[in-house]
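Chemist: This is the structure, below, for whatever I ask next.
Just so it is clear, none of the values below were taken in a lab; they were calculated from the coordinates. Keep in mind that this is a model prediction, so the values were computed, not measured. Neighbour counts run over all protein chains shown; Cβ positions are idealised from the backbone, glycine included.
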Amino acid sequence: MAKHRFDPIKKDKLFNKERKARLKPMQLLLKHGLKEGDKIADIGAGNGFFAIPAAKIVKESGQVFAVDVEKIMLRDLNKRASSAAVEKNITLIKSSENRAELAEKVDFMLFSYLIHEIDDKESFLDNYLKFLKTDSKILIVEWTKNNMDEGPPKNHRIGRDELKNILENKQLKNIKIEEIDEKNYLITAEKL
């Protein structure tokens, strides 16, 4: 992993009102095509900021594979999922630093604020993209490469163009970049 990694002790900060209002996780997932019955892998799921809304969208006919390296984050995600009554369609997966095994292929894969933490981004993505079905979608949310108090140091962030080039090298198609706000951007791509 890279020099900067989110400290799980600060996990409650991930659910603050300002962050929810800015990112609107439920609307973001719906806008980018997640639907009832889908199987989604949330890589770097943390304590469920996206996994819980995803579980509400895919309902019991779908499945959320919530992958994280930190047990403390997965425990917190499990509590939050129980409180939201969606624990039945979230599978928690403790991963190693660079890989996890999913039981099946997925329709949708999400990486939120994770790629910048990875040293070998190409290998890391190879380990996960193999779990995408044909005609599936990938969504990556990252920090803009600007100076600001929030998030990792600027030199640890990944720029839009660098990330787009990596995805092109992985033979992903229909790559689109979208600004969320001055602090965040997202990239979508498809495996055809």
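Chemist: Just report the Cα centroid separation between region 142-192 and region 101-121, whole Å.
Modeler: Result: 14 Å between the Cα centres.
Chemist: While we're on this one: Could you work out how far apart the two model spin labels at Ser83 and Ser61 are, taking each label as a point 7 Å from the Cα in the direction of the beta carbon, and quote it in nm?
Modeler: 3.0 nm
Chemist: Now a separate question. Just want to confirm a number: the relative contact order over region 65-128, from Cα pairs under 8 angstrom separated by 6+ residues, in percent. Intermediate values should be presented prior to the final figure.
Modeler: Details: 42 pairs, mean separation 21.9, N = 64.
About 34 percent, as a whole number.
Chemist: Run the quick spin-label model on Glu101 and Asp126: label points 7 Å from Cα toward the beta carbon, then report their separation in nm to one decimal.
Modeler: 1.9 nm
Chemist: Something else: What percent of all Cα-Cα pairs in the chain falls into each 10 Å bin, going from 0 up to the bin containing the maximum distance?
Modeler: 9, 40, 41, 11, 0
Chemist: Provide the percentage of antiparallel DSSP beta bridges, counting only those with both residues in the chain; round to the nearest 5. All intermediate terms of the calculation are to be shown ahead of the outcome.
Modeler: Numbers: 13 of 33 bridges.
Of those bridges, close to 40 percent are antiparallel.
Chemist: I've got another one for you. With a point put 7 Å past each Cα toward its Cβ, work out how far Lys20 is from Lys133 in nm, to one decimal.
Modeler: Using points 7 Å along Cα→Cβ, the separation is 3.1 nm.
Chemist: Expressed in nm to one decimal, what extension gain is obtained for the pair Glu36 and Ile180 from 0.36 nm per residue of sequence separation less their Cα-Cα distance?
Modeler: On the way: separation 144, 0.36 × 144 = 51.84 nm, distance 2.42 nm.
Taking Glu36 through Ile180 to full extension adds about 49.4 nm, to one decimal.
Chemist: Using the 10 angstrom Cβ neighbour count as an exposure proxy, how do Ser96, Ser82 rank, fewest first?
Modeler: Values: Ser96 9, Ser82 12.
Listed from fewest to most nearby Cβ atoms, that is Ser96, Ser82.
Chemist: Continuing with the same structure: If you put +1 on each Lys and Arg Cβ and -1 on each Asp and Glu Cβ, how big is the dipole of region 22-191 around its Cα centre, in Debye rounded to 20?
Modeler: That gives region 22-191 a dipole magnitude of about 440 debye.
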